[in-house]
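Where a number appears in this text, it was derived from the coordinates with a stated rule and is not lab data. All values reported here derive from a predicted model rather than from experimental measurement. FYI the Cβ positions are ideal-geometry reconstructions off the backbone, even for glycines, and counts take in every protein chain you see.
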Amino acid sequence: MSLVIELLGYLAYSVTANPWVIMASRLVAGIGAGNISLSRAFIAQNVGADSRASSLAAVTACQALGFVTGPRTSTHEGLAVPRF
């Protein structure tokens, strides 16, 4: 559910030029951004000791991939969609 909230915040952020809507959408995206700590806590509690390190490494790799591709995707979409 938190990913859906974060996605809605980023979608609102990508289609507006109003500063108030931008701030509100960033707030919504920030509220939904708590999924990283939840996923790490879930892995730490529910995955066995033998595969815990590889599971945490996979989550960290996905997070790093998002840090790399997220700004690029946002920039590409911002340049492709005209602002009125």
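To the nearest ten degrees, helix 35-46 and the longest principal axis of the Cα atoms of the chain are 10 degrees apart. Cβ-Cβ distance of Gln63 and Leu27, R₀ of 35 Å, FRET efficiency by 1/(1 + (r/R0)^6): the value works out to about 0.95. Please give, to one decimal in nm, the separation of the simple spin-label points placed at Val47 and Trp20, each 7 Å out from Cα toward the Cβ. Here the answer is 4.4 nm between the modelled labels.
Only helical runs count toward this figure. For the chain, summing -39,500 (n - 2.57) over DSSP H runs of n ≥ 4 and dividing by all residues gives -26500 deg cm²/dmol at 222 nm.
Stretched out straight at 0.36 nm per residue, the stretch from Leu56 to Leu3 would grow longer than its current Cα-Cα span by 17.2 nm.
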